[in-house]
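Every number here is computed from the coordinates shown, using simple stated rules; none is lab data. Fair warning: this is a prediction, and the values are worked out from it, not measured in the lab. For neighbour counting, all protein chains shown are included, and Cβ atoms are generated from backbone atoms with ideal geometry for every residue, glycine included.
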Amino acid sequence: MTKASWIADKIGNISYVSTVQVNNSHSLVVVRAMKQPLRVACTEADPVDAEEIDRLVGSHEAIDFVVVVPSDVTIEPSAWLHCEGLGIMLGRFPDLSDGLEGLQPNRKLMKKDLQYISSRVERTGTVQNLARVSETALRITLKGGKSFVADFTHPYEITEDEVLTKIDRQPDLKFLVVTNPYARGLSPESVRVAREAGVRLMLLSDFVSSLSSLCPR
């Protein structure tokens, strides 16, 4: 079974999905109620980088979503950035399936936890645009043009080493946000390590509340 056929078989029974047309071994079109058709390309590379995205774009008439399977395939930072610039969504199978189940627009097909975070952020009324730039990070553009990258993580208690690892993986990071509702707060040591790297470490509720103060009045 090809990757495209495997994906078609998995998503064919999702509510709101009317039909799934497999074009060839690495592309398919998803037709669903009340939304534009979704043109999906399956990558064969490991790792997936900007060069692989260019290869896919050059071999398809149009692409809305690049799906990376299996789950152990590495997605390089250059691939996320390149897809952001091209206006193409990039993600793994849970991003595609969760997005379809949630009746998300083509440009917002993401796994459920990022859907929830995006919804919380957008409900503040301060956001102009959201773009995914890694497995767990979003580039948030506020009304007025201010833009920054926030990475979202879900530990019960984030350590200094975890903070440093996140910062190393996302050089342009400005906010590191803990989304676990049961988190016991943030240790002074972790906050200090983040601050020294120019990153604000915050709980999700505090981050959402702070967005209005970042937006020019």
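By how many nm would the segment from residue 74 to residue 147 lengthen if fully extended, with 0.36 nm per residue of separation less the alpha-carbon distance?
Full extension from residue 74 to residue 147 adds 23.6 nm.
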Self-check item: Computed helical MRE - 222 nm, the chain, DSSP H runs ≥ 4 contributing -39500 (n - 2.57), nearest 500
Solution: -10500 deg cm²/dmol
Exercise. Step through the residues of the range 78-86 one at a time and calculate ³J(HN,Hα) from phi using the Karplus curve (6.51 cos²θ - 1.76 cosθ + 1.60, θ = phi - 60°), rounding each to whole Hz and writing x for Gly and Pro.
Key: 4, 5, 4, 5, 5, 5, 4, x, 8
Self-check item: Residue (of 170, 115, 203) at the positive-pole extreme of the range 114-214, dipole from beta-carbon charges
Solution: 115
Self-check item: Over the chain, relative contact order from alpha-carbon pairs under 8 Å, at least 6 apart, %
Solution: 12 percent
Exercise. List the extent of the Cα atoms of the range 114-214 along each of their three principal axes, largest first, rounded to whole Å.
Key: 33, 28, 25
Quiz prompt | Measure of compaction for the chain (Cα Rg per 2.2 N^0.38 Å) | solution = 1.07
Self-check item: Packing rank of 43-49, 94-100, where each peptide gets the mean count of other beta carbons within 10 Å, highest leading
Solution: 94-100, 43-49
Quiz item: Of the lysine pairs in the chain, how many meet both conditions: Cα atoms under 18 Å apart, and a spacing of 8 or more in sequence or different chains?
Solution: 6
Quiz item: From the phi of every residue in the range 40-45, what ³J(HN,Hα) in whole Hz does the Karplus formula 6.51 cos²θ - 1.76 cosθ + 1.60 yield, where θ is phi - 60° and glycine or proline is x?
Solution: 10, 10, 9, 8, 10, 8
Self-check item: Bridge type composition, the chain - antiparallel percent by DSSP, nearest 5
Solution: 55 percent
Quiz item: How large is the dipole of the chain about the Cα centre if only Lys and Arg carry +1 and Asp and Glu carry -1, each at its Cβ, rounded to the nearest 20 debye?
Solution: 1100 debye
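For residue 31 and residue 182 in the same chain, what is the full-extension length gain: residue separation times 0.36 nm, less their Cα-Cα distance, in nm? Working shown, then result.
Numbers: separation 151, 0.36 × 151 = 54.36 nm, distance 3.89 nm.
Stretched fully, the residue 31-residue 182 segment lengthens by 50.5 nm.
Please state the charge dipole magnitude for the range 3-110, taken about the Cα centre, from unit charges on C-beta atoms (+1 on K and R, -1 on D and E), reported in debye and rounded to the nearest 20. List each step's numbers first, then the result.
Numbers: 9 positive and 15 negative charges, 118 e Å.
I would put it at about 560 debye.
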Quiz item: HN-Hα J couplings of the range 133-150 from phi, Karplus 6.51/-1.76/1.60, θ = phi - 60°, integer Hz, Gly and Pro as x?
Solution: 10, 6, 4, 10, 10, 10, 8, 9, 10, 8, 4, x, x, 5, 9, 7, 9, 10
Practice problem: Return the percentage of antiparallel bridges among DSSP beta bridges fully within the range 114-214, rounded to the nearest 5 %. | Solution: 55 percent
Exercise. Using amide H atoms built 1.01 Å from N in the peptide plane, name the residues 5+ places from residue 127, or on other chains, whose amide H lies under 5 Å from its own.
Key: 143
Self-check item: Cβ-placed point charges (K, R +1; D, E -1), dipole of the range 80-184 about Cα centre in debye, nearest 20
Solution: 500 debye
Practice problem: Using just the alpha carbons, could you tell me how many Å³ per residue the convex hull of the range 86-132 encloses? | Solution: 71 Å³
Quiz prompt | Angstrom value of the Kirkwood radius, inverse mean 1/r, which spans all Cα pairs in the range 107-151 | solution = 10.6 Å
Quiz prompt | Full-stretch length increase - residue 86, residue 210 - with 0.36 nm per residue and alpha-carbon distance subtracted | solution = 41.6 nm
